[in-house]
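Values quoted throughout were computed directly from the atomic coordinates according to the rules given, and no laboratory measurement underlies them. Computed from a predicted model, the values in this text were never measured in an experiment. Glycine also receives a Cβ, built like all others from the backbone with ideal geometry; neighbour counts cover every protein chain displayed.
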Amino acid sequence: MNKINRELVFLRSFAAITAGAAILLASSAFTRTGIEKFTEINVQRINIVEADGTTRMVITNAGLFPNGKDSINNRATNTARKKRSGMLFFNEDGIECGGFIYDGQKKENGHSSGLSLTYDQYDGDQVMQLITQDFQEGEKRMVSSRLIFNDRPHKETQAGTLAILNELDALKKKDPAAAEKKYQEYLAQGLVGGAPRLMLGKSGSQNNGLFLFDDKGMPRAMFYVDKANNARLDFFDDKGNLVQSFPNPVKK
């Protein structure tokens, strides 16, 4: 009997020690603060966070790209954004402030690819964008790369813009005219809108140069080399009409 009791005590002690060791190993694995080194790692998404849990960067594949089905830093994500591989940046307040995305795939009669690096106005949309696009359909191919600077509304907020767009989308299905009127009201209040002001690079018409726009996004001046390798300087009025062109004057 004493032998059996000793064996039971031993087994219980062994079980307790084993359980304690397992708990210690598990806890140390999740609280380790040292630098780990990896030769290679396969992962679908990485969230870079501060010590307080604030997400500062998301590196993700297309499948786990945040587009409205999840929130980051207790803030809703953009529901209208297409899922793409890339990165999203967040500032100290947990607000998205830019990103880097890319894609590319063959189509039935060509291909479509692109890359975009953007920086946002505080709690707003992008004020600077480096973008390249490459489309091909049959024998026709268009490649365009450019750096763009935009104006954004001073009263714009990401949450406010998302709410307004959802409101306008719902209203447009019932009454398109009322939706347009409501949009113009928000535009006058400085809550939505925005316009490109400067573009440097290759345009969709395959002209390479510097393109300037007014605060409504209308082209006002262009200095470029066209597809025929002619250097040109064009000026436009506030309606977008060409008013002067060098070296050739506009024919009346």
Review point. Just from the alpha-carbon atoms, what are the Rg and Dmax of the range 150-252 in angstroms?
Key: 18.2, 51
Check your understanding: So which lysines can K140 reach, going by Cα to Cα under 19 Å and dropping same-chain residues fewer than 8 places off?
Key -> K106, K107, K202, K227
Exercise for review: Give me the angle, in degrees from 0 to 90, between the Cα long axis of helix 158-174 and the longest principal axis of the Cα atoms of the chain, rounded to the nearest 10.
Suggested key: 70
Check your understanding: How large are Rg and Dmax for the range 194-252 when only the alpha carbon atoms are used, in Å?
Key -> 11.4, 34
Check your understanding: the range 34-150: Rg/Rh from Cα coordinates, Kirkwood Rh?
Key -> 1.03
Review point. Relative to the first principal axis of the alpha-carbon coordinates of the chain, what is the inclination of helix 176-188, with its axis defined by its Cα atoms, in degrees from 0 to 90 and to the nearest 10?
Key: 90
Exercise for review: Would you calculate the volume per residue, in Å³, of the smallest convex hull containing every Cα atom of the range 153-193?
Suggested key: 46
Exercise for review: Tell me the Kirkwood hydrodynamic radius of the chain in angstroms, computed as one over the mean inverse distance between distinct C-alpha pairs.
Suggested key: 23.3
**Study point:** G98 long-range amide H proximity, modeled H, under 5 Å
**Key:** F89, D120
Revision key, fill the gap. Taking Cα atoms only, helix 2-31 is inclined relative to the longest principal axis of the chain by an angle, in degrees rounded to 10, of 20
Exercise for review: Give the relative contact order (percent, whole number) for the range 153-193; include only Cα pairs under 8 Å separated by 6+ residues.
Suggested key: 57
Check your understanding: By a straight-distance test (C-alpha under 21 Å), which lysines pair with K174 as possible cross-link partners, with residues fewer than eight away in the same chain excluded?
Key -> K182
**Study point:** Per-residue HN-Hα couplings for the range 138-146 [Karplus 6.51, -1.76, 1.60; θ = phi - 60°; Hz; x = Gly/Pro]
**Key:** x, 8, 8, 10, 10, 10, 9, 10, 7
Revision key, fill the gap. Checking the range 57-165 for GluC sites (Glu not before Pro) in a loop per DSSP with at most 14 other beta-carbon atoms within 10 Å yields E92, E108, E139
